[in-house]
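Only one structure is covered here, and it is reproduced in the block below.
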Amino acid sequence: MTTAYELSPPRALEAESVHVLREVAATFERPVLLFSGGKDSVVLLHLAAKAFWPAPVPFPVLHVDTGHNFDEVLAFRDRAVARFGVRLVVAAVQDDIDAGRAVEETGPRASRNRLQTITLLRGIAENGFDAAFGGARRDEEKARAKERVFSFRDEYGQWDPRNQRPELWNLYNGAHRKGEHIRVFPLSNWTELDIWRYIAAERIDLPSLYYAHRRPVVHRDGMLLAHTRFITLLDGDEPFEASVRFRTVGDATCTGCVESTATTAEAVIAEVAASRTTERGATRADDRISEAGMEDRKKEGYF
Amino acid sequence: MLRLATAGSVDDGKSTLIGRLLHDSKAIFADQLAAVERTSRARGEDEPNLALLTDGLRAEREQGITIDVAYRYLVTPKRKIIIADTPGHVQYTRNMVTGASTADLALILVDARKGIVEQSRRHAFIASLLGVSHLVLCVNKMDLVDWSAERFAEIREEFRRFAMKLTVADLAFVPVSALHGDNVVQRSANMPWYEGTSLLHHLEEVHVASDRNLIDARLPVQYVIRAQGFRGYAGTVAGGVLKPGDEVVVLPAGFPSRIREVWGPGGEPVNETFPPQAVTVRLDDELDVARGDLICRPHNRPHVGQDIDAMVCWLTERSTLTPGARYTMRHTTRSVRAQVQELPYRIDVNTLHRDEAADSLSLNEIGRVRLRTQTPLLFDSYRRNRSTGSFILVDDATNNTVAAGMITEPSASVVWHPTAVGRSDRATRGLTVWLTGLSASGKSTIAAELERRLVLAGRPAYRLDGDNLRHGLNAGLGFSAADRAENVRRVGEVAQLFADAGLVAVVSLISPYRADRDLVRARHVAAGLAFVEVFVDTPVDVCEARDPKGMYARARAGEITGFTGVDDPYEVPVEPALVLRPQDGDPAAMAARVLALLDHP
């Protein structure tokens, strides 16, 4: 009898992510999972629940709250936290603005995207977290393609792309001193399509705005932005209603949506497979700052 | 899923090749291409510079070089391919070592005009050292040598001769033009003489499943999961196959027990687990098992020892490896203190020359190192198992990963007893003739005739027949990929002993997997013994028409599964010493041809 003894790609990716989650739980004192309610962090939390079954997830989740949230994402966050029985820690950008540690951008294109870094690093430091799981994937962006699974951050939370630790086999080096921490990316080798196929196969619940729905939007910089209370209309902006879905979920001021009729994960997979643009390219104003927009923000300590 | 590492420099067109692979297989997106076009225009280049797709860091784009390993993803209808794109210059050897550590296949690029250069040899050596079993040599810029078949053949032969010194199980050659896309995704119309497939087609089809170790069951305990009434040992299977009911021992304590249950992530019951699955096992007995312990079978245990011999690549410019230095070693799920005892030699990665006078290893240098660990390690040799045979060294002062190590077969725990009789003292010199081919291809008949002729001529010879050995030596083995590998390994060991004793060992064995045969070859070569691979290339329909044992009929009827040629692959030898086809005559004529080869190699 011959058995193939081969894992399908989704199972091989799952095994790799589970290995990383367990490795961190076993070797760090205070890990935390960064949870935005976005699909990658939802998949990450789902994987964490599977990795430690039948025990509960042995670390809390941290939400960096920009204050510019989609209402349905916040509601989803609270449901997910309750369902998985994990502790939720919230770090609010507003607190840093109020305390004068962060200065709000002004103007119609103002975003709190960049301020999140200050809040994220404060959240990590205040709670003494030594490892922070993120849902970033290497296929998202060219600077992320260079990122390690265990990514060292110095005492200022900074990433030094020229001085990364070599990462061999599945032997991860999480050594760090007090005040430093490690960002851990268990989904490094997943692509957007892998994520959606896994969501479909595992029937993972997502915030409703990942599926097609009608909402008022405006055209802005070649993207569709949701017309929410956080958006200041510019001259000539004419809100109109369209059937859209979001490919990523971030700050409501800079996350665009795409026209879509996909109301199920399977329908989204069909659209993603046929899509000719990356999810960030299509819908993230924050990545368009410059060619090295992501690299520069990551060096400062961004997700 | 295929993990592939590429090596080469910008001059060879490596980034262009990957860009082309992604572009032509539609794995890059319109906005990525638009960004590349924008940047190319800004730099005054006429065509989009596809290399910009992979060079993600600002410094890389500014300097036009690849500095770090970048990972790229390619999904075709047949496979998910993970590309570790590594820079090629000697000062980036560590990056290639990193990329190759997880690779199934290494893609090495050469410029058709320049041919095999020092760098190509270095890349091949590193791939072989890191246990990458499949190597593809892409001869690029064929457009600049007028699509010359002769030039391609010249480079291929030169590389083959070099690769003989390495342990590479599978070697393939593809002539391409990355700039124009010839033979990258689509077959090229410019090189009608080329009979192989396009690069992408090769990557989609190459058989890597049999590369894993499915023989030595190893589960390093990573994390202990405790819940109400539940105590399970979670970990990633590092080798072999484990299933409920299996008798096991937990090392280092040596407690015997039995596997009660195997659970996949999320509590999915698993009947059989194998690498690289992440599982949780429960044992029949309540034992004190912790992270760093290892679960294996009672009669197949890893080595246990504190003296570790390894090939080590040094990864940092801030310090050097010198005897006496201490580090933290990360091995499987263990972390132990280790001290460098000796540095027997440093290896020149370009010439493979051993420098025994070396007293240190600095950045990008590779050498043989003996370490002593504070507590015993549970390990296998890297050649046998990449998971239980690899380690990293961490510098406690900087917390940096400073070295990658590949453990060599220990000589201390089992001492090789020297012989008083040299090979030249024996009356005859032995060798191994290895007949491989489908069932009913005629191997056994040819082997019997060959044995008869050798003995008649006064040369001691002995036939090792696959079917016959399954009555004794290999009685316990079945026909799974793992059992076949073990079957081939055992027959190979016996053949080698016979050859060492001065006999001609005549092996007739289907031995369907290339990697298994090549391991036997490598063992022979290492022992200084000739290994003559003869491919009995009888087409499957001819074999099936003969079918003396009625096996094909039973396989077609579905009574037996995993039958080579019917529902299990036969991997054709890449470079056999001799190919025998039905038109070469009857078994006697074929045996005569083998004999002629032995007399006049």
Cβ-Cβ below 8 Å, separation at least six or inter-chain, first residue in the stretch B:306-332 and in contact (Cβ under 8 Å) with a residue 40 or more places away in the chain and among the aromatic types (Phe, Trp, Tyr), second surrounded by fewer than 24 Cβ atoms within 10 Å (Cβ to Cβ) and in a loop (DSSP other than H, G, I, E, B): which pairs?
-> B:Trp314/B:Thr320; B:Trp314/B:Ser362; B:Trp314/B:Leu363; B:Trp314/B:Asn364; B:Trp314/B:Glu365; B:Tyr327/B:Asp395; B:Tyr327/B:Asp396
A:Thr106 versus (1) of a type in the set (Ser, Thr, Tyr); (2) crowded, with 21+ Cβ neighbours inside 10 Å; (3) not in a helix (DSSP H, G or I): which is the lone unmet condition?
-> (2)
Does B:Ala290 meet the test of being farther than 22 Å from A:Tyr5 by Cβ, within 13 Å of chain A (Cβ to nearest Cβ) and either more than 27 Å from the chain's Cα centre (by Cα) or charged (D, E, K, R) (or both)?
-> yes
Pull up the stretch A:186-196, narrow it to residues that are touching a residue at least 60 places away in the same chain (Cβ under 8 Å) and surrounded by 21 or more Cβ atoms within 10 Å (Cβ to Cβ), then point me to the one that is nearest to the other protein chains (Cβ to nearest Cβ).
-> A:Asn189
From the set of residues in the stretch A:117-173 that are small (Gly, Ala, Ser) and in contact with a Phe, Trp or Tyr (Cβ under 7 Å, 6 or more places away or on another chain), which is nearest to the other protein chains (Cβ to nearest Cβ)?
-> A:Ala145
For the stretch A:1-43, how many residues are more than 7 Å from every other protein chain (Cβ to nearest Cβ) and either in contact with a helix residue (DSSP H, G or I) (Cβ under 8 Å, 6 or more places away or on another chain) or over 30 Å from A:Arg177 (Cβ atoms) (or both)?
-> 19
Just to be sure, is A:Asn173 over 22 Å from the mean Cα position of the chain (by Cα), in a loop (DSSP other than H, G, I, E, B) and within 18 Å of A:Glu16 (Cβ to Cβ)?
-> yes
More than 14 Å from chain A (Cβ to nearest Cβ), loosely packed, with under 15 Cβ neighbours inside 10 Å and at pLDDT 95 or above: does that describe B:Gly245?
-> yes
If we only count helices (runs of 4 or more DSSP H) wholly inside the stretch B:503-583, which ones have 3 or more residues that are within 14 Å of another protein chain (Cβ to nearest Cβ), in contact with a helix residue (DSSP H, G or I) (Cβ under 7 Å, 6 or more places away or on another chain) and touching a residue at least 24 places away in the same chain (Cβ under 8 Å)?
-> none
Is there any pair with a first residue in the stretch A:8-32 that is within 17 Å of A:Gly134 (Cα to Cα) and a second that is aliphatic (A, V, I, L, M) and part of a helix (DSSP H, G or I) whose Cβ atoms are under 6 Å apart and which are 6 or more apart or on different chains, and what are they?
-> A:Ser17/A:Leu47; A:Val18/A:Ala51; A:Leu21/A:Ala48; A:Leu21/A:Ala51; A:Arg22/A:Ala51; A:Pro31/A:Val24
State whether one or more residues within the stretch A:51-58 are assigned to a helix (DSSP H, G or I), touching a residue at least 60 places away in the same chain (Cβ under 8 Å) and of a type outside the set (D, E, K, R).
-> no
Positions within the stretch B:245-291 being among the aromatic types (Phe, Trp, Tyr) and either part of a loop (DSSP other than H, G, I, E, B) or free of Cβ contacts under 8 Å to residues at least 12 places away in the same chain (or both), in sequence order | B:Phe274
Hits in the stretch A:51-72 (condition: touching a Gly at 6+ places or on another chain (Cβ under 9 Å), at the interface with chain B (Cβ under 9 Å from one of its Cβ atoms) and surrounded by 20 or more Cβ atoms within 10 Å (Cβ to Cβ)) | A:Ala51, A:Trp53
How many of the residues making up the stretch A:104-144 are modelled with pLDDT of 85 or more and farther than 28 Å from A:Arg22 by Cα?
-> 1
Answer yes or no as to whether B:Ser148 is hydroxyl-bearing (Ser, Thr, Tyr) and either in contact (Cβ under 8 Å) with a residue 60 or more places away in the chain or under 27 Å from B:Gln91 (Cα atoms) (or both).
-> no
Just give me the residues in the stretch B:253-276 being facing chain A (nearest Cβ under 10 Å), touching a strand residue (DSSP E or B) at 6+ places or on another chain (Cβ under 7 Å) and among the small types (Gly, Ala, Ser), in sequence order.
-> B:Gly264
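Modelled with pLDDT of 90 or more and closer than 27 Å to B:Met164 by Cβ, is that true of B:Val574?
For B:Val574, the condition - modelled with pLDDT of 90 or more and closer than 27 Å to B:Met164 by Cβ - is not met.
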Can you find a residue in the stretch A:198-209 that is more than 14 Å from chain B (Cβ to nearest Cβ) and touching a strand residue (DSSP E or B) at 6+ places or on another chain (Cβ under 8 Å)?
-> yes
Tell me which of these A:Arg162 doesn't satisfy, since it passes every other one: (1) in contact (Cβ under 8 Å) with a residue 12 or more places away in the chain; (2) over 26 Å from A:His19 (Cα atoms); (3) not in a loop (DSSP other than H, G, I, E, B).
-> (1)
Please specify each residue of the stretch B:206-234 satisfying the condition of being in a helix (DSSP H, G or I) and free of Cβ contacts under 8 Å to residues at least 60 places away in the same chain.
-> none
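A quick yes/no check of all residues on (1) farther than 19 Å from A:Leu21 by Cα; (2) modelled with pLDDT under 95:
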{"residue": "B:Pro256", "(1), (2)": "yes, yes"}
{"residue": "B:Ile259", "(1), (2)": "yes, no"}
{"residue": "B:Gly264", "(1), (2)": "no, no"}
{"residue": "B:Thr273", "(1), (2)": "yes, no"}
With the checklist (1) over 24 Å from B:Val525 (Cα atoms); (2) more than 20 Å from the chain's Cα centre (by Cα) in hand, flag the one item B:Glu157 doesn't pass.
-> (1)
Within the stretch B:292-317, which residues are touching a strand residue (DSSP E or B) at 6+ places or on another chain (Cβ under 8 Å) and assigned to a loop (DSSP other than H, G, I, E, B)?
-> B:Gly292, B:Asp293, B:Pro298, B:Arg301, B:Pro302, B:Leu315, B:Thr316
Can you tell me how many residues in the stretch B:36-88 are in contact with a helix residue (DSSP H, G or I) (Cβ under 8 Å, 6 or more places away or on another chain), modelled with pLDDT of 65 or more and part of a helix (DSSP H, G or I)?
-> 7
Give me a count of the residues in the stretch B:183-220 that are buried (at least 23 other Cβ atoms within 10 Å of the Cβ), among the aliphatic types (A, V, I, L, M) and in contact with a Ser or Thr (Cβ under 7 Å, 6 or more places away or on another chain).
-> 1
Subset of the stretch A:173-217, residues of a type in the set (Gly, Ala, Ser), within 23 Å of B:Met1 (Cα to Cα) and touching a helix residue (DSSP H, G or I) at 6+ places or on another chain (Cβ under 8 Å), comes to A:Ala200, A:Ala201
Residue among B:Asn399, B:Asn364, B:Asn350 that alone is polar (S, T, N, Q) and buried (at least 19 other Cβ atoms within 10 Å of the Cβ) | B:Asn364
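The values are calculated or read from the model by the stated rules, or taken from the named source; none is laboratory data. Model, not experiment: these values are computed from the prediction. Neighbour counts are summed over all protein chains in view; Cβ atoms, including those assigned to glycine, are modelled from backbone coordinates with ideal geometry.
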